[in-house]
Amino acid sequence: MASIELNSVSRIYGSGASAVHAVKGIDLKIEDGEFMIFLGPSGCGKSTTLRMIAGLEPVSGGDLLIDGARVNDVDPAERDLAIVFQNYALYPHMTVRANMAFGLKLRGLPRSEIDTRIADVARVLSVEPLLNRRPAQLSGGQRQRVALGRALVREPRAFLLDEPLSNLDAKLRSVMRTELVKLHRKLGTTMVHVTHDQVEAMTMGTRICIMRGGEIVQVGRPQEVYRNPADTFVAGFLATPPMNLFPGRLEARGDSLVLVAEGAEIPVPAATAPGWGGHAGREVIIGLRPEHLAEAPEGPAPAALQLSVETVEALGPETILNLRLGRNGPEIAARLPADGDWEAGQPVTLHADTARLHLFDPATTRSIPRGAAHAL
Amino acid sequence: MTAATPMEMRDRRFGWMLTAPGLALLAAVVLFPILWAGTTSFFDYTLIMPGYDNFAGFGNYAKAAGDGEFLHAAWITVLFVLAVVSIQFAIGLLVALMLNDTERGKGVYYLILLCPLLINPVVVGLMWRMILHPTLGIVNWLLSTVGIEPVNWLGAPDMAFWTVVLVDIWHQVSFMVVLLLAGLSSLPAEPYEAARVDGASALQRFWHITLPMMKPVIAITLLIRMIFAIKTYDIIYIMTRGGPGTATDLISYFIYRRAFVSLDLGEACAMAAMLLIVIAGMTALLWRTMRTAQDD
Ligand SMILES: Nc1ncnc2c1ncn2[C@@H]1O[C@H](COP(=O)(O)OP(=O)(O)O)[C@@H](O)[C@H]1O
Ligand SMILES: [Mg+2]
């Protein structure tokens, strides 16, 4: 059980002109027992951060604390954390049993204790029949389980998982997602899980830490981040298809605010967004989630949009429409129930739920808060 | 296997046609001498009375097996191989481990290490004979400057053996370094990181990760070096001629003398055949080790 705290932690690879600033002074507190997700595109510094926590990568600046104690210079062996690597990193010359026993033997646990722990974990992960095999004789999914098992038997203070599911096929991945969440609920141990898959992020974590270019963009509970993305990057990263983002102007017309975009004018009752009043007359980026477009009006302040269908993706349970706003407006995705029949080229009217519209400042890409009345 | 189609037959014939010149050359320069020596080993064939008139059966083999000098040469060779290979392995592994952790100047170290390996063994022998010359050599002069008595490097029986061992180590140790280093640098990095997090110290990582993963490479390196060490001939010929006495009488040199000094070609061929069988056995072992290493 451990809390992990990063105080302006940075990591610079190399030096001089060729230095790579992989992590740029990030602040984060991971509470004891939390399931924290590091989410971000490839190369944003997720693995580097995780490896610094594990002690496999030196900290170039700032302080790293585990349970309140500074561990910048503490050997990985003494941090009592377990890590599951993306490529599993099993010991190729050892059997599955020996792989699991290795860390325990080094810690001098008695033989009987080691055997009990391995038996327990092997049962939970259903790897009992594999215990005497070598890693080379295992499938990808089995290796993944063994790597997880090797971490579990250690009963460490925290688990660090670096994209452990990314090498699995889609079906196994979704099974393992659930397994990991169950494990976390059962053990209550702190877990830090790195992924670039937003489905994993949304479904597994108690909190998501979204990173970009070595910096943290936003930290919050999955629903929080989904509902209130801090900037256009987060808005465009989470969920598939992601939030529609297109340029427009915010105008004040009497009592009402109107968003003027190429191909549409969207009225927004001023009372629903007191925070936006001050931005009237400015250029903005409009954010509208595909799931907040519907055939029938929804929410307290719907707005009808005239669109034409460009392509239809029938996924089964639902249909994704790629639409053109107005005649030459931006392209927009809509997520609709599967029971409609659409054809390319067909004009449609969809209703946007303006209470769930987002605005972003084009200069900073930061979200423009709606203000207090957002309690709709 | 199904019967070959006409096309496969044509492919096969074409393949044989392409390899025929090479095979013919190999047969002429490798297979023929071996067969000839093999045949000769069963006859009383001396260079004084060459001819295949007296069939001796396994007589030459029996004679060799009962020949004290031959057995002595074999024993000296075993000692030499053990000494040379074990010391070279210890040094080679140490240097390879250090080089594997070196970031800067690896190429330079490589170049320096490869120099001895590139020198012809005859040159190595001559060079060291001069360096170790009892009165004119630089080593004894250097020793004298710090007050150490001159050492008779190649003249004293016990000393001569170790001198030859040392020169061979100097000459061939890089071979070990290069092979072991290639093995080390091809080891995956991930198990080491996993082991560090699992709590293994540097020594434990070496013992539990490096050594087991290097096992096939180590086995192959040792076998290759042993096969070559058994055949050592050139530096003996140049430096000691098997002496003083028979202190450095390695088996290859002994066989050479039996053939061209004693002129008893039949017996020399029998000895050579026995040596060939030992080396062939080791080669088979090497082959099997490499095959199983691949399967792992
Ligand atoms: N050993 C290294 N040397 C130099 N640069 C590195 C090294 N490891 C990672 N980087 C760089 O640091 C950045 C972050 O890498 P990483 O943490 O692996 O990203 P992620 O895990 O989010 O995909 C990348 O730009 C990457 O190129
Ligand atoms: Mg990564």
Checklist entry - Under the definition of Cα pairs under 8 Å and six or more residues apart, what whole-number percent is the relative contact order of chain A? => result 15 percent
Checklist entry - Which of rounded, prolate, oblate describes the stretch A:248-335, given a ≥ b ≥ c as roots of the alpha-carbon gyration tensor eigenvalues and a/c under 1.5 marking rounded, otherwise prolate only if a/b is larger than b/c? => result prolate
Checklist entry - Hey, fewest Cβ within 10 Å first, where do A:HIS193, B:HIS133, A:HIS358 land in order? => result B:HIS133, A:HIS358, A:HIS193
Item to check | Neighbour-count ranking [beta-carbon atoms within 10 angstrom, fewest first] of A:MET36, A:MET52 | outcome: A:MET36, A:MET52
Next on the checklist: Once you place label points 7 Å from the Cα toward the Cβ at B:SER86 and B:PHE55, how far apart are they in nm?
Outcome noted: 4.6 nm
Next on the checklist: What does the structure give for A:88-95 when I average, per residue, the other chain Cβ atoms found within 10 Å of the residue Cβ?
Outcome noted: 6
Item to check | Pairwise label distance in nanometres, B:HIS133 with B:LEU35, each label 7 Å out on the Cα-Cβ vector | outcome: 4.9 nm
Item to check | R0 of 30 Å, Cβ-Cβ distance B:ALA27-B:PHE260: FRET efficiency to nearest 0.05 | outcome: 0.75
Next on the checklist: Given a 10 angstrom Cα cut-off, can you work out which residue in A:SER112, A:SER42, A:SER139 is the most mobile in a GNM of chain A?
Outcome noted: A:SER112
Checklist entry - In terms of the ratio Rg/(2.2 N^0.38 Å) built on C-alpha atoms, what value belongs to the protein assembly as shown? => result 1.46
Next on the checklist: What does the structure give for A:100-113 when I average, per residue, the other chain Cβ atoms found within 10 Å of the residue Cβ?
Outcome noted: 2
Checklist entry - How high is the relative contact order of chain B, in percent, counting Cα pairs under 8 Å that sit 6 or more residues apart? => result 28 percent
Checklist entry - Taking the Cα atoms of the stretch A:137-237, what is the range of coordinates along each of the three principal axes, in descending order and whole Å? => result 45, 29, 24
Checklist entry - log₁₀ I(q)/I(0) of the stretch B:42-295 at q = 0.10 Å⁻¹, via Debye over equal Cα point scatterers, no solvent, to two decimals? => result -0.64
Item to check | Ranked list, fewest to most other Cβ atoms within 10 Å of each Cβ, for A:SER15, A:SER174 | outcome: A:SER15, A:SER174
Checklist entry - Under the definition of Cα pairs under 8 Å and six or more residues apart, what whole-number percent is the relative contact order of the stretch A:126-260? => result 13 percent
Checklist outcome for this item: A:ASP67 and A:GLU251 label points (each 7 Å along its Cα→Cβ direction) are spaced in nm at 6.3 nm
Checklist entry - What length, rounded to one decimal in nm, is gained on full extension from B:LEU71 through to B:GLU149, with 0.36 nm per residue of separation minus their alpha-carbon distance? => result 24.6 nm
Checklist entry - How much FRET efficiency would the formula 1/(1 + (r/R0)^6) give for B:LEU18 and B:ALA189, where r is the Cβ-Cβ distance and R0 is 30 Å, rounded to 0.05? => result 0.10
Checklist outcome for this item: Length gained, A:GLU78-A:ILE320, 0.36 nm per residue minus C-alpha separation, equals 82.1 nm
Checklist outcome for this item: Of all C-alpha pairs within chain A, those more than 36 angstrom apart amount in percent to 37 percent
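Quick note: the coordinates plus some simple rules give every number you see, no bench work behind them. All values reported here derive from a predicted model rather than from experimental measurement. Positions of Cβ are backbone-derived with ideal geometry, glycine not excepted, and every protein chain shown enters the neighbour counts.
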